[in-house]
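Below: one structure, written as structure tokens.
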Amino acid sequence: MITFIVQHNSRPNDDETFECNTSDTLLELKNKIIKEYNLNCKYIDIISNVERPIRSMGKFNFDKGLLPITLDNYPFDRYDLDDRIINITFEENNEYIPIIKKNTGNVEGTYIPPAQRDLSEKTFNINDNNDFPPLG
């Protein structure tokens, strides 16, 4: 369990605490903050106030300052944050619209290019000359 303590100038004397599992993502945390603070924006930027960067071999770094948008969809188990208490703040961002992963209905969420989507559902007959014409 990871504990985030959010400090914001809209509530200067009242810090909010958010607990996240390691399977949660940064985008899920941002959505919880937006909901809790009743913000009118669809996206926020999180600013970390850790004293030292959190680094671990084979994991993402969790540095002080603005957290990159590119890390929004990665679960917290990709960082070394388990059982930590992290102080953060946020800023509203009205210009960015978050990219939300959509389930395409295929196996394990793998991407299939549009040109090949109909081929993944078609069955072929190895003995049919239309499906597999002779080479010579």
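Values quoted throughout were computed directly from the atomic coordinates according to the rules given, and no laboratory measurement underlies them. Because the structure is predicted, anything quoted here is derived from the model rather than measured. Virtual Cβ from ideal backbone geometry, glycine too; neighbours counted across all protein chains shown.
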State the label only: which of (1) 16.7, 56; (2) 22.0, 80; (3) 14.2, 40 corresponds to Rg and Dmax of the Cα atoms in Å computed from the shown model?
-> (2)
Sequence neighbours fewer than 8 away in the same chain don't count; with that in mind, list the aspartates and glutamates whose C-alpha is under 15 Å from Lys30.
-> Glu16, Glu19, Asp45, Asp72, Glu91, Glu92
Given Cys20, Tyr79, Phe90, which one lies farthest toward the positive end of the charge dipole of the range 7-93, if we put +1 on the Cβ of every Lys and Arg and -1 on the Cβ of every Asp and Glu?
-> Tyr79
The chain, relative contact order [Cα under 8 Å, separation at least 6], % | 27
Cα centre as origin, Lys/Arg/Asp/Glu Cβ charges: the range 2-92 dipole, Debye | 220
Provide Asp63, Asp15 in ascending order of the number of other Cβ atoms located within 10 Å of each residue's Cβ, fewest first.
-> Asp15, Asp63
Per DSSP H run of n ≥ 4, the term is -39500 (n - 2.57); total these for the chain, divide by its residue number, and report the mean residue ellipticity at 222 nm rounded to 500 deg cm²/dmol.
-> -4000 deg cm²/dmol
What's the local net charge at Gly58, with K and R +1, D and E -1, over the other residues with C-beta under 10 Å away?
-> +1
In nanometres, the difference between 0.36 nm per residue of separation and the alpha-carbon distance of Arg84 and Thr22 is 21.2 nm
Crossing angle, helix 26-36 versus the chain [Cα axis fit, 0-90 degrees, rounded to tens] | 50
Efficiency of FRET between Met1 and Glu95 - r from beta-carbon atoms, R0 25 angstrom, step 0.05 | 0.15
Extension length gain for Asn38 and Lys64 (0.36 nm per residue less Cα distance), in nm, is 6.8 nm
Rounded to the nearest Å, the spacing of the alpha-carbon centers of the range 67-83 and the range 1-43 is 14
